[in-house]
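The values are calculated or read from the model by the stated rules, or taken from the named source; none is laboratory data. Just so it is clear, the model here is predicted, and its values are computed rather than measured. Using ideal geometry, Cβ is built from the backbone for each residue, glycine included, and neighbour counts are taken over all protein chains shown.
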Amino acid sequence: MSEVDQDDFVGPIIGLGEIADAAMEAVYIDNPGREVKIEQNSGYVRVQVKGECVLTVDTMSDVLGRQFRMGDLEGSMPGFAGFIRTSDEAIRFIASNK
């Protein structure tokens, strides 16, 4: 994969645990039709979507089976790829070349 193609993939890096597990499921629900890559490592999960990655509070809450706040993700996220936009309803990671 070329460097430009890698720059098109954006999303969070999340420490292992229930938030990472939920994000790995929710990313497919919140990003229909987009190319998704999941990279699991010994201490973290890298969730990547080509172009734009969206994770919504509603989907994360549904997957977790409990109330979810964006702060839950932010506290578990030591890093991310792309530009980030947050709101009370969703977090968006946008490719830098878009």
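Pairing residues of segment 64-81 that are assigned to a strand (DSSP E or B) with residues that are hydrophobic (A, V, I, L, M, F, W, C) and surrounded by 12 or more Cβ atoms within 10 Å (Cβ to Cβ), at Cβ distances under 7 Å and at least 6 apart in sequence or on separate chains, gives Gly79/Ile13; Phe80/Ile13; Phe80/Phe93; Ala81/Phe9; Ala81/Val10; Ala81/Phe93. No other residue among Ser76, Ser96 is of a type outside the set (Val, Ile, Thr), at pLDDT below 95 and touching a Gly at 6+ places or on another chain (Cβ under 8 Å) apart from Ser96.
Residues are listed down the side, and each one gets a yes or a no for (1) hydroxyl-bearing (Ser, Thr, Tyr); (2) under 20 Å from Gly17 (Cα atoms); (3) in contact with a strand residue (DSSP E or B) (Cβ under 7 Å, 6 or more places away or on another chain); (4) surrounded by 13 or more Cβ atoms within 10 Å (Cβ to Cβ):
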| residue | (1), (2), (3), (4) |
| --- | --- |
| Arg34 | no, no, yes, yes |
| Tyr44 | yes, yes, yes, yes |
| Gly79 | no, yes, yes, no |
| Gly82 | no, no, yes, yes |
| Ile94 | no, no, yes, yes |
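Residue-by-condition table, conditions (1) small (Gly, Ala, Ser); (2) over 12 Å from the mean Cα position of the chain (by Cα):
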residue	(1), (2)
Glu52	no, no
Leu55	no, no
Met60	no, no
Arg66	no, yes
Gly71	yes, yes
Met77	no, no
Ala81	yes, no
Ile84	no, no
Ser87	yes, yes
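Within segment 10-27, is there a residue that is part of a loop (DSSP other than H, G, I, E, B) and either modelled with pLDDT under 95 or within 10 Å of the chain's Cα centre (by Cα) (or both)? For segment 10-27, residues part of a loop (DSSP other than H, G, I, E, B) and either modelled with pLDDT under 95 or within 10 Å of the chain's Cα centre (by Cα) (or both): absent.
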